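No value in this document is a laboratory result; all are computed from the given coordinates. Source: prediction; values computed, not measured. Note: ideal-geometry Cβ built from the backbone for every residue, glycine included; neighbour counts use all protein chains shown.
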Amino acid sequence: MDSYFGQKQSRTIYKIISYILTAFCFTICWLMDLSSPPKLQLQTDGKLHLDVFQYDMNYPSLGQCVVINNKNFHKKTGMGVRNGTEKDEGNVEETFSNLGFKIKICNDQTVSQMRDLLTRVSKEDHSKSSMFACVLLSHGEDGRIFGTDDCIELKELFALFRGDRCRSLVGKPKLFFIQACRGSGLDAGVESDYDTEEETQKIPVEADFLYVYATAPGYYAWRDSANGSWFIISLCEMLSKYGKRLEVMQIMTRVNYKVARKFTSSSFFSRLDGKKQIPCIAYMLTKELYFSK
């Protein structure tokens, strides 16, 4: 009898130990899966495809980057010369070229010219491109940007690249970087204590956009007449350092940090002295974006 109960007890202990070991192994595998970076997966037909949550960069071209740089404005607009913007232009051209973009630069564009330019670009065939980028350097107000003669709603320009109007960029990232004021507010700052091939399906026409503004709504965007704007300096520095190895939102977080922590205005006018700035991001991408293949 003692032998019987001893055997039964041993079997019970063995089952418990087996259950614990199995649960432990599953937990380890689960944790390893969570910590692993996106990998290429092998399909049953032997072909490699990208993780479903990562944009496909395997196209002949990374894509086009259109730069509109407005420096001089008609007197009727009341806008002054944007000294230092040529520094931004050169910085953007070098940085985005090094990433692999084909650069198209247009200077001092009227509203009509800006609209016509981006309309033409949106109607081009982007089927061999991984993505599209646009950098706008100008004066602005909240929701609007200036051509040399007047201002235009930003959403009108963005809408040209919506999925229902630019078919060859459907499902591909469309990036807009806007160096322009969004109001006249000044940020005084505050002291801190802390230093695959998928099945055909419908997607929202507003999907796969990333809008990166130099500043928050209602605020001024600072520009140095000798060195360029705080935002473009930071954007180009972080893209140059991390563009080939980090995901785009990790890069943009570093841009935010650089602008917020490393820049402070200096002026003889007390109202303009000691001011801060923080970029603002509207994120509608549906996958992770890496600029490298």
Original post:
Arranged by the count of other C-beta atoms within 10 angstrom, fewest first, what order do Met284, Met252, Met79 take?
Top reply: Met284, Met79, Met252
Subject >> Size of electric dipole in the stretch 178-293: Cβ of Lys, Arg +1 and of Asp, Glu -1, about Cα centre, debye, nearest 20 >> reply: 420 debye
Original post:
In Å, what Rg and Dmax follow from the Cα atoms of the stretch 181-293?
Top reply: 17.1, 61
Original post:
Long-range amide H contacts for Lys71: which residues qualify at under 5 Å (H placed 1.01 Å from N, peptide plane, sequence gap of 5 or more or a different chain)?
Top reply: Asp108
**OP:** Please compute the net charge surrounding Val170, taking Lys and Arg as +1 and Asp and Glu as -1 over other residues with Cβ under 11 Å from its Cβ.
**Re:** +4
Subject >> Total formal charge among the other residues, if their Cβ is under 15 angstrom from that of Lys123, Lys/Arg +1 and Asp/Glu -1 >> reply: +3
**OP:** Below 21 Å Cα-Cα, how many Lys pairs turn up in the stretch 203-293? Only count pairs eight or more apart in sequence, or on different chains, if you could.
**Re:** 10
Subject >> In sequence order, calculated HN-Hα J values of the stretch 273-288 (Karplus, 6.51, -1.76, 1.60; Hz; x Gly/Pro) >> reply: 8, x, 8, 10, 7, 9, x, 9, 10, 10, 10, 10, 6, 10, 9, 6
**OP:** Specify which residue in the list Leu160, Gly147, Ile178 is farthest towards the positive end of the charge dipole of the stretch 141-181, using unit charges on the beta carbon of Lys, Arg (+1) and Asp, Glu (-1), about the Cα centre.
**Re:** Leu160
**OP:** Estimate the FRET efficiency between Ala188 and Ser127 by the formula 1/(1 + (r/R0)^6), using the beta-carbon distance for r and 35 Å for R0, to the nearest 0.05.
**Re:** 0.10
